[in-house]
Amino acid sequence: MNPSSAAPWSRPLAVTDVPAAGLDIEIVADSGQRAALAELCGLAGVDEARAAFRIARRGRDGLRVEGEARAKARQVCVVSLEPFATEIVEPFALDFAPGDPKPPGRGAPPIDWPDAGADGPDPIVDGRIDLGAIAAEFIALGVDPYPRKPGAAFEGADEAGAGISPFAALKGLRGGGDKKG
């Protein structure tokens, strides 16, 4: 499968292109990538998407990738159903190691990566990592699943009934409501 067809935003980087001193890269999504990112994330639109990376060598064949993914997006409010602008900012820090991910106990012993998460380092596939896929993943993680437009409030809830327990109607169904039982 072509990596660029699998991800809405692809920017492959060969490990061999990272010098010993490290590399700073910023990527910006074009309009097609932003549209695909909006569809992937369930957004009304993405007006801007960018990510800044600091990539450093980690051992002989590994990489440490740190940075921040940002997007200016439009979401639909779950209360008013009106679109509104929002900003997504997600920092990240990832480790990458060569080879296919293998379950513990199979193949060579795992490399000790003290800063890697509980899952260990992500794999370097075919000598490359995809910066666009990293940015898209963290933007997707930063999307509020229940977005609420600032100032939006549920209408129709009368203030007179605000203090009534939701179980008051059930109490009446028990036949009198005063019985204990």
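Inspect all residues belonging to the range 21-30 and state whether any of them is charged (D, E, K, R) and assigned to a loop (DSSP other than H, G, I, E, B).
Within the range 21-30 (the criterion being charged (D, E, K, R) and assigned to a loop (DSSP other than H, G, I, E, B)), the answer is yes, since at least one residue qualifies.
Among the residues making up the range 71-100, those that are in a strand (DSSP E or B), within 25 Å of VAL15 (Cβ to Cβ) and not aromatic (Phe, Trp, Tyr) are GLU90, PRO91, ALA93, LEU94, ASP95, ALA97, PRO98.
Just need a number here: residues in the range 22-39 that are within 14 Å of the chain's Cα centre (by Cα) and either crowded, with 19+ Cβ neighbours inside 10 Å or within 29 Å of ALA56 (Cα to Cα) (or both). If you could, list the steps in order and put the result at the bottom.
Keep residues of the range 22-39 that are within 14 Å of the chain's Cα centre (by Cα), which gives 37-39.
Narrowing further to those that are either crowded, with 19+ Cβ neighbours inside 10 Å or within 29 Å of ALA56 (Cα to Cα) (or both): 37-38.
Qualifying residue count for the region: 2.
Which members of the range 18-34 meet the condition of being of a type in the set (A, V, I, L, M, F, W, C) and free of Cβ contacts under 8 Å to residues at least 24 places away in the same chain? Please lay out each step first, then the result.
As a first pass, look at the range 18-34 and keep what is of a type in the set (A, V, I, L, M, F, W, C): 18, 20-21, 23, 25, 27-29.
Passing the criteria: ALA21, VAL28.
Coordinate-derived values only; no laboratory data. The shown structure was predicted, so the numbers you read here are calculated from the model rather than taken from an experiment. Note: ideal-geometry Cβ built from the backbone for every residue, glycine included; neighbour counts use all protein chains shown.
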